[in-house]
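Presented below is the structure to which this report refers.
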Amino acid sequence: MPNSRITLDPDRTTGKIDNRIFSGFLEHLGRAIYDGVYDPGNPLSDDQGFRRDVLDAMRPLRMPFVRYPGGNFVSNYDWKDGVGPKDSRPVRADFAWQTSEPNTFGTDEFMDWCKTVGTDPMMAVNLGTGTAKSASELVEYCNHPSGTYWSDLRRTNGHSDPHDVKLWCLGNEMDGPWQAGHVPASEYALRAEQAGKLMKGVDPSIETIIAGSSGNHMPEYMEWDRVALEYTWDHVDYISAHRYSRNENDDTPWFLAEGVEIDRIIEDYRSLLGYVRAVKKSSKQVYLSFDEWNVWYRARGGSHSKGGWAQAPHLIEEVYNLEDALVVAQYLNSFIRNADVVKIACLAQIVNVIAPVLTNSDGLLFQSIYHPIVRYAELATGDSLTPVIDGPEYDAGERGSVPSLDVSASYESSTGEVAVFAVNRDPGNSTTATVSVNGRSVTNADPGWLMTGDDPKAFNDWAAADRVVPSTCTVSVEDGVAHMELPPMSIVVATMGTST
Ligand code: AHR
């Protein structure tokens with residue numbers, strides 16, 4: 001069995017891990033809201049209509065922020081349709097997903113849901129068909145204490161305290177021809193600048209995120225981002241990146257090397273942010289908000305993506321397997337390793353729609369990807385250490401020879417605790433790894449957290465909900481070094497104490 005060495009050094013760090021990388025995303029799409037988080041009348045729901053089983057499933061994910069209300073949906077959404085007495089809210093035809101939107105869940109219901117879960121809202125404004133004025137009115141509705149038209153309307157609607165929304169996305173995927181109100185980058189930059197100016201005028205404490213390219217497959221990838229960033233640099237705080245990983249050719253070795261591409265995208269943004277900062281001779285820093293990421297390729301197109309004007313149809317309900325869970329873990333590894341650039345990341349999405357949990361009217365199912373996210377969110381705190389890996393490579397097909405191990409690590413300097421998050425991407429070979437920490441000895445280790453299996457396509461369903469679930473593995477300590485075994489296609493999370 002090949003050996004791997006993972007060497008950590010408390011001085012080799014990319015800085016504090018921002019827990020906002022464990023955020024989520026909830027869109028008016030399919031059964032994400034209706035039948036998902038909001039299901040009034042269902043015995044599983046509380047008196048606000050929120051599904052209690054969904055609330056319970058969300059809490060271990062520890063999402064500090066949830067982005068809302070879209071996604072593509074936001075680009076033709078009028079937030080004013082979704083506030084006030086429910087019986088006077090209009091039913092609208094949603095352009096993005098061709099569904100009927102009843103608007104019985106809107107801004108105030110979302111804020112109440114966030115409070116009940118214990119997360120904070122991250123709002124997106126409509127810069128497709130919406131105006132800068134309407135966007136700033138939403139900030140006034142949400143954040144202004146009282147005494148103005150929109151803040152008083154919020155109070156009339158039952159919310160005397162401001163919602164205090166800190167993070168605001170200036171539109172969504174405006175580079176995409178599918179997007180309502182899609183425009184060239186230069187036009188989007190003007191819209192974003194004007195909306196952001198009015199929004200920060202209403203509440204100078206908010207932070208804004210401009211919409212970067214919707215993916216590195218887009219013809220204007222990086223050029224769109226450069227134009228938008230150069231124009232808005234002095235007034236924005238983050239630029240967004242999106243990626244949905246795909247294994248359409250059913251090539252597991254290739255797909256399991258997806259982390260290489262995720263790293264590459266973050267490197268692209270690191271370079272661009274540095275370039276624009278230099279061109280601007282600026283002392284401020286803009287960071288990356290990776291605010292849509294996941295695996296998504298099976299439930300795409302046709303009836304998966306267009307709802308035939310039904311309310312809450314089954315749309316893009318991707319079923320996740322073991323190999324997807326390994327890719328999800330690599331996203332998190334990359335966000336952790338790049339803690340100096342990636343400050344926010346939102347799993348897309350949270351319920352039913354490309355989500356870690358699925359609901360039916362009687363209950364809830366945990367998909368494979370749920371489990372590693374829970375474990376990472378619990379343990380990835382403190383400093384991000386940059387692991388030096390000495391170990392085998394495997395043949396990832398068109399991606400070439402790729403290191404078998406994809407690793408991130410966190411370090412709590414006050415306690416000396418280290419957590420190692422390791423994915424063995426090699427579908428055929430296990431590896432034995434030693435973990436050493438420069439200048440410190442590993443003193444003890446907890447049993448490791450392990451997710452693995454023989455079948456990369458194994459998935460959970462209502463008949464067998466525990467085909468892909470975590471188990472434990474041995475992490476031993478000898479002479480100040482930890483030892484563990486990583487089976488083929490595995491995620492191992494090891495926590496250990498260290499001292500000088
Ligand atoms: O998350 C599903 C969709 O993917 C979002 O609405 C859009 O922003 C992206 O293309």
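The values are calculated or read from the model by the stated rules, or taken from the named source; none is laboratory data. Values in this document were obtained by computation on a predicted structure and should not be read as measured data. As a convention, Cβ positions derive from the backbone with ideal geometry for all residues, glycine included, and neighbour counts pool all protein chains shown. Heavy atoms of the whole protein, side chains included, go into the accessibility calculation; ligands, DNA and RNA do not. Shrake-Rupley method; radii C 1.70, N 1.55, O 1.52, S 1.80 Å.
Determine the share of the chain's accessible area contributed by carbon and sulfur atoms, expressed in whole percent, with a 1.4 angstrom probe.
49
Could you tell me what percent of the DSSP beta bridges with both partners in region 18-380 are antiparallel, to the nearest 5?
Among the beta bridges of region 18-380, antiparallel pairing accounts for roughly 20 percent.
How far apart, in nm, are the 7 Å Cα→Cβ label points at residue 131 and residue 461?
Here the answer is 5.1 nm between the modelled labels.
Counting only heavy atoms of protein chains, what accessible area per residue, in Å², does the chain have with a probe of 1.4 Å?
Heavy-atom SASA per residue in the chain reads 37 Å².
Cross-link partners among lysines for residue 281, C-alpha distance below 22 Å, same-chain residues fewer than 8 apart left out?
Partners within reach: 197.
Over region 370-500, one equal point on each Cα, no solvent: what is log10 I(q)/I(0) by the Debye formula at q = 0.15, 0.18 Å⁻¹?
-0.74, -1.01
Select from 214, 224, 456 the residue farthest towards the positive end of the dipole of the chain; place +1 on Cβ of Lys and Arg, -1 on Cβ of Asp and Glu, and compute about the Cα centre.
In the chain, that residue is 224.
Hey, if we sort 59, 31 by accessible area with the 1.4 Å probe, largest down, what's the order?
Descending accessible area places them as 59, 31.
Mean 1/r over all different Cα pairs, inverted: what Kirkwood radius does region 114-183 give, in Å?
It works out to 13.3 Å.
Simple spin-label model, 7 Å along Cα-to-Cβ: residue 187 to residue 251 in nm?
For the pair residue 187/residue 251, the computed spacing is 3.7 nm.
Quick one: if you take sqrt(5λ) for each eigenvalue of the C-alpha gyration tensor of the chain, what semi-axes come out, biggest first, whole angstrom?
Each semi-axis is √(5λ); the values are 38, 26, 22 Å.
Less than 14 Å Cβ to Cβ from residue 28, Lys/Arg counted +1 and Asp/Glu -1: what total charge do the surrounding residues give?
Here the charged neighbours net out to -3.
Just subtract the alpha-carbon distance of residue 217 and residue 283 from 0.36 nm times their residue separation and send over the number in nm, one decimal.
Here the segment from residue 217 to residue 283 would lengthen by 20.6 nm.
Under the rule a/c < 1.5 gives rounded, and otherwise a/b versus b/c splits prolate from oblate, where does region 252-377 land using the Cα gyration tensor?
Prolate, because a/c is 1.5 or more and a/b exceeds b/c.
If you stretched the chain out fully between residue 399 and residue 303, how much longer would it get, using 0.36 nm times the residue separation minus the C-alpha to C-alpha distance?
Length difference between fully extended and current span is 31.3 nm.
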